[in-house]
1. Quick one: accessible area per residue over the chain, 1.4 Å probe, rounded to a whole number of Å²?
2. State the extension gain, in nm to one decimal, for the chain segment bounded by E341 and Q611, taking 0.36 nm per residue of separation less the distance between their alpha-carbons.
3. Using the Cα centre of the chain as the reference point, and only Cβ charges (+1 on K/R, -1 on D/E), how large is the resulting charge dipole? Debye, rounded to the nearest 20.
4. Report, in degrees rounded to the nearest 10, the 0 to 90 angle that the Cα long axis of helix 375-387 makes with the longest principal axis of the chain.
5. Which chymotrypsin sites (Phe, Trp or Tyr not before Pro) in region 578-646 sit in a loop by DSSP (not H, G, I, E or B) and have at most 10 other Cβ atoms within 10 Å of their own Cβ?
6. Starting from region 92-140, pick out the GluC sites (Glu not before Pro) whose DSSP state is loop and whose Cβ has at most 14 other Cβ atoms within 10 Å.
7. Counting only protein heavy atoms and using a 1.4 Å probe, what share of the accessible area of the chain belongs to carbon plus sulfur, as a whole percent?
8. Kindly sort F472, F434 by accessible area of their heavy atoms, largest first, with the probe set to 1.4 Å.
Amino acid sequence: MLNQKISLPIDPYIDAILKKIQDFSTILIKASPGSGKTTRLPWAIANSLAGKVLVLEPRRLAAKLAAERIASEEKLKIGSEVGYHFRFENQTSQESKLIFYTEGTFLKKLLHDPRLDGVSVVILDEFHERHLETDMALAYLLEIQSQRPDLKLVLMSATLDTELLARFKNSTVVEIEAPHFPVETFYLPNRPSILNQSLELKIRDALEKIPSDHDVLIFLPGMREILKIESYLGDRLGDIFILHSEVSKDQQEAALRPHPRRKIILSTNIAESSVTIPGIKAVIDTGIQREAHYSPWNGLKFIQDSAVTKSSAIQRAGRAGRVAPGVCHRLYSLQDFESRENFTIPEIMKADLTDVYFLTRQFSSTPHWMTAPPKERWDKAENLCYLMGLIDQEINITSLGKGLTQYPLDLRLSRVLSAGEKLKKEEKKKLLNFICNELENDPSGRLYQRLSSYTEKEGLEADWEKALVAGFIDQVAKYRPKQNDLIHYSGKNVKLHSSLGTLSEGYYLILDITQRQEAIKIVPIEEEWLFDHNPFPFDDEELIVVDPTFAIKSLTKLGSIVLDEKTLPLNWEHLAPTQKEKVTQLGQKVFEKNLEQFKNSETYHRFYFWQKLNQKDEFPSPKLADYLEFNGAMNWEGLENFFNTIFLDNELNAKLPRVIHLGGKKELKIHYPYNQDPFLEAPIQDFYGLKETPKIADNKVALTLKLIGPHKRPLQVTKDLASFWNKTYLEMLKEFKRDYPRHHWPDDPKSAKPILLKRQLPET
């Protein structure tokens with residue numbers, strides 16, 4: 001046993017902290033790693049007060065090691081006066097006055113003991129990590145404290161943001177700086193050839209640069225890497241010890257004891273903030289941690305590697321400077337370090353909130369959030385709880401929801417197990433195997449063993465997959481053979497991973513996707529199972545459409561998946577007032593869009609010119625109601641006629657004709673460009689025989705004439721045709737005849753016939 005009790009930096013502060021606990025409601029303690037805050041202070045508080053002291057830790061091993069260290073130093077039996085309690089392991093008793101909990105287990109305790117009667121102090125250790133359970137535990141502790149002023153809170157961390165002080169009433173801060181020695185930090189060169197080397201090779205190279213008398217702490221992502229490095233190193237460079245929750249108690253204690261030969265401790269980020277490991281003078285930091293993330297598809301936790309923050313990297317390095325000057329080898333570049341986040345983002349800002357939401361519904365009070373959950377995901381969590389039948393429409397917890405507390409799983413999977421209670425034994429085993437192996441990552445089989453009693457009761461129903469629908473109703477997707485993709489409940493189109501091949505037409509549950517947003521884990525389900533789900537998951541929806549025609553679409557939907565669709569014509573007289581309002585709102589937008597298109601037409605431009613000619617600044621403003629009254633039916637077929645009726649009248653047609661006759665059968669279109677004078681455009685020969693410029697609007701407006709030459713460009717643009725014939729034409733006549741000899745160029749165009757080529761002239 002570890003029974004040596006040495007002096008720690010926090011010892012001189014303990015009496016002052018105990019006094020502050022008497023005077024203040026909340027104490028924030030900022031203490032550097034190695035100060036002894038996790039072991040010395042909780043025991044001192046427990047010995048000074050009558051009630052129990054609870055310590056909340058973010059990880060199981062941290063809770064266990066801290067409790068065992070205290071028991072060892074105080075020569076106590078674990079589980080007596082000091083103990084720990086977390087999922088699958090409870091080492092406490094009636095006489096326990098100091099208990100270490102994981103935050104999740106503590107929240108479940110609150111459900112059965114909402115006032116924490118008999119508890120004097122609750123300590124939140126490593127508060128800076130801001131796990132979802134951390135924030136929720138604090139939120140309810142603050143609520144309890146408002147009802148029980150005698151309950152004291154202590155928040156501890158090595159990197160505590162003391163600005164939080166302003167959020168607490170009657171609080172104080174204690175800063176404890178443990179003596180530490182300088183740590184020299186080394187980085188890998190920012191070269192791919194080195195950065196892309198195997199982890200084993202990078203660790204070996206770092207170890208060879210560290211003095212052989214230095215005990216080394218190596219931070220690795222998880223047990224898989226720990227075993228791999230243990231096998232690779234052997235005992236060539238030192239004796240290997242493992243610090244992880246999956247190894248035995250004796251192995252954990254061996255890692256913490258002094259050792260005659262060089263010690264190489266392989267650990268996850270548990271060593272970053274757990275009890276002090278004596279003798280460490282060197283740290284090798286991979287810069288990676290394996291932490292829980294939340295799938296945006298199924299809401300379940302999954303484990304993923306991510307880069308540690310700067311504050312975590314600094315804490316890791318600090319482990320090398322506890323007893324003497326040390327070294328830290330970071331297996332990444334300085335540029336990588338400088339690009340990392342400074343602190344951990346509170347998990348509540350990025351996690352799936354379904355379990356948290358449901359837990360809040362089980363409490364009678366509203367939590368005092370340090371960081372409020374994002375509203376969109378909070379509302380989504382509420383909706384999912386309703387879809388799973390855990391709350392009713394008044395958001396009260398149903399009897400089904402109350403029964404889920406018996407299952408030691410996330411909310412979705414608890415709902416699945418509840419639905420599977422009616423299955424036959426063999427089907428239950430299949431369901432349990434799928435949950436443990438495919439969704440919960442239970443390689444050790446501890447979860448399956450814990451739930452083994454679930455399979456004992458015989459049911460009647462088959463098809464274990466049906467039970468999955470109960471917890472994943474919002475993950476239903478419909479396969480589209482032509483597109484070879486899935487239409488998800490949310491309305492998104494999800495591509496299939498190549499490993500799935502081509503599916504049969506029907507419905508599936510999407511339980512996992514790749515980073516490229518491709519479905520990788522799916523389970524086929526029967527459509528009839530959806531109809532058996534309670535609450536009934538289908539919605540009937542009526543959509544009013546006005547483009548390309550007026551109609552009502554009647555839809556039967558599962559989420560955003562359309563199962564059935566009918567289209568019926570609109571009848572204005574039969575519409576409800578709200579429907580008429582909707583038709584008017586939607587239809588007016590389509591009407592205005594068509595009106596804008598009409599205003600780009602020459603028909604409207606002619607009208608615009610007429611208004612300006614008559615010095616009128618007011619223009620008609622037609623509405624959808626005017627059109628429907630004009631047309632007599634709810635369609636767009638008469639829209640152009642309506643616009644023509646509104647913007648054109650007989651007087652306009654008479655005064656501003658669309659064409660003009662030049663004599664005989666010849667007529668030319670009159671162009672009315674927007675905000676410009678109207679014009680005629682034709683070959684110059686078409687104007688032979690005209691003595692004056694044609695006019696419109698009761699001879700008030702002379703048309704602009706664009707006289708096009710053989711080269712297809714205007715020879716002249718004029719409003720004074722007579723002047724052009726009498727002067728400019730005669731000046732250019734010689735050139736016309738020379739450059740275009742085949743064309744007809746009369747000496748007197750005012751009296752000539754409108755003929756283009758010489759060969760068309762009548763014989764003399």
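1. Solvent-accessible surface per residue comes out at 50 Å².
2. Extra length available between E341 and Q611 comes to 90.6 nm.
3. 2100
4. Approximately 80 degrees, to the nearest ten.
5. Values: sites: F591, F598, Y604, F607, Y608, F609, W610, Y627, F630, W636, F642, F643; in loops: W636.
Filter output for region 578-646: empty list.
6. Passing sites in region 92-140 are E95.
7. Ligands and nucleic acids excluded, carbon and sulfur reach 48 percent.
8. Most to least solvent-accessible, the answer reads F434, F472.
The values are calculated or read from the model by the stated rules, or taken from the named source; none is laboratory data. These figures come from a predicted structure and were not determined experimentally. In this analysis, Cβ positions are derived from the backbone assuming ideal geometry, glycine residues included, and neighbour counts consider all displayed protein chains. For accessibility, only protein heavy atoms count, side chains too; no ligands or nucleic acids. Shrake-Rupley method; radii C 1.70, N 1.55, O 1.52, S 1.80 Å.
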